[in-house]
Each structure stands twice: as structure tokens, then as C-alpha cells.
Amino acid sequence: MKKTSIEISHLCKTYQTADIETKVLIDISLKIEEGEYVAIMGPSGSGKSTLMHILGALDLPTSGKYLLDGQDVSLLSDDQLAEIRNKKIGFVFQAYNLLARTSALDNVMLPMNYADVPDEEQKPRAEKLLEVVDLANRTHHTPNKLSGGQQQRVAIARALVMSPTIILADEPTGNIASDQAEEVMAIFQKLNDRGSTIIIITHEPDIAVHAKRTIHLKDGVIISDEKNKKRHLIKIKDKYEAI
């Protein structure tokens, strides 16, 4: 029996600006089991990115409960939340969020600098992941010398460097060409095959169809939650076997 990794109950998120109250998420309840591959879809303003920030312990709900591996996230200290973000969750963002003047290798090593990873282990681990994402010959390139697809693969390598059990990806293919998007989705598929929980935020049906389950949001409410009957599977290349 699979363990419930994420459980949200009656979650709401409201932002207050001056006299204006904006309800972004309204009474959201859902469970995601360990090893699931979920796409969260919705138009702009539907609340999907806000939900991802809460799932990633980057923000807290206004009300409701969020249990991550059985822990009530609202009861954790800032240090505990930071540790969860660094060790348990890997983040992949549409904007890559790479340090502009820092090499691909150093960008991938960054999470290890905030953890108890011995110095002698950091470089080999980062180099291995850059090799896996086909960037072994770009380790010393800064982001401005890499294509969008290459920058996204650096971001994926960085997300994987602490061996997280959950990968959160917010529009991970939004700024890259379709052939590069296929490569990115192949990496996520391989990670899920290995047992990682994958949650992708997207507005693109062609991306959501890679997942095993799709949740649709509209105006802060879940309007559907169903298994993907016609899931698109990618033939995994040998280079990803080391993930």
C-alpha cells in the first residue's frame, strides 16, 4: 500500500491589499500518494502557482491543513521548513532561477552548500548530474552562454542534487522549444519511474498528458481530478539511466 505523501484539507489562501480581499484558493482538499505523477492545470489566475508555493513550503495557507509526509507544515519552524525545501523537495521553475554569474557546476552545487554534504562529495555529485542531463561539456558555462533548454536542464540537475522525494515543477517547459521540452519531460518520466513524486504546474495539455493524473483548477477551486487514460510515454534514452 502506497503512503500518502501530500494531504491537503479544506485549504484556503486569501491575500489582503488595503481594503481588497482576494481569494486565490478556496476549500482545496486533495491527496497525492508517494510516487504519483500529477499535473495541475488551469488558466492564468486559477491559483495553480499559489498552490505549488504552498505545496513547496514556500508559503502558508490562510486556513486549512497541509500534511507533508504526515507532518503539519504550519507547526514547523522556519529552520525546519528550510530543511524540507532543501532536502525533501526539488524545485524547477519556468524562469530557471539560476545565479547569473555562476557556472552550471556551481549552480548545481548550491543546495549542497546549505546542507551537511562533505566538500569532497559536492563536485563529483554535481558533475554526475550534469552528465546525466547531457551537459558534461557545459559545466563551466554561465547561464548567459547556455540555451533556454540547457538552462532548464541545469535547473533540473540542481533540483535533483539532494535526492529529493518530491519534484515540483512550475511551467518547466514554458520558455523552451518543443524538442527541448520533450527532453525535459523524459527526465521527469524517468524520475517517476524511479519512484519520485512528480507534480507539474502547466497550462499546456500537451505537457499535462505526460502525467498519470490531472487536476484542473478554476477560480481557486478544483473542478476536476482524474486519471490520464491516454498518457503520453516517451522512450527513455540510455543517458538518463543514471538518474
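Here, each number is a calculation from the coordinates, and none is a lab measurement. Computed from a prediction, not measured in an experiment: that's the story for all the values here. For neighbour counting, all protein chains shown are included, and Cβ atoms are generated from backbone atoms with ideal geometry for every residue, glycine included.
When residues in the range 1-57 are screened for being polar (S, T, N, Q), outside any strand (DSSP E or B) and loosely packed, with under 14 Cβ neighbours inside 10 Å, 1 of them pass.
Among the strands (runs of 3 or more DSSP E) lying completely within the range 194-243, list those that include at least 2 residues that are without any contact (Cβ under 8 Å) to a residue 24 or more places away in the chain. Outline the logic, then answer.
Details: elements: 197-202, 213-218, 221-227.
Once the strands (runs of 3 or more DSSP E) in the range 194-243 are filtered for at least 2 residues that are without any contact (Cβ under 8 Å) to a residue 24 or more places away in the chain, what remains is 221-227.
Taking the residues in the range 97-115 that are surrounded by 20 or more Cβ atoms within 10 Å (Cβ to Cβ) and out of contact with any His (no Cβ under 9 Å at 6 or more places or on another chain) as candidates, determine which candidate is farthest from A155 (Cα to Cα). Filtering first and then ranking leaves M112.
Of everything in the range 97-127, what is free of Cβ contacts under 8 Å to residues at least 40 places away in the same chain and basic (K, R)? Give them in sequence order. Answer for the range 97-127, where residues must be free of Cβ contacts under 8 Å to residues at least 40 places away in the same chain and basic (K, R): K123, R125.
Regarding S163, is this residue free of Cβ contacts under 8 Å to residues at least 40 places away in the same chain, surrounded by fewer than 18 Cβ atoms within 10 Å (Cβ to Cβ), under 14 Å from the mean Cα position of the chain (by Cα) and more than 26 Å from K13 (Cα to Cα)?
When the stated conditions are applied, S163 passes them.
With respect to the conditions (1) within 15 Å of the chain's Cα centre (by Cα); (2) surrounded by fewer than 22 Cβ atoms within 10 Å (Cβ to Cβ); (3) among the aliphatic types (A, V, I, L, M), I176 lacks only one, and its number is (1).
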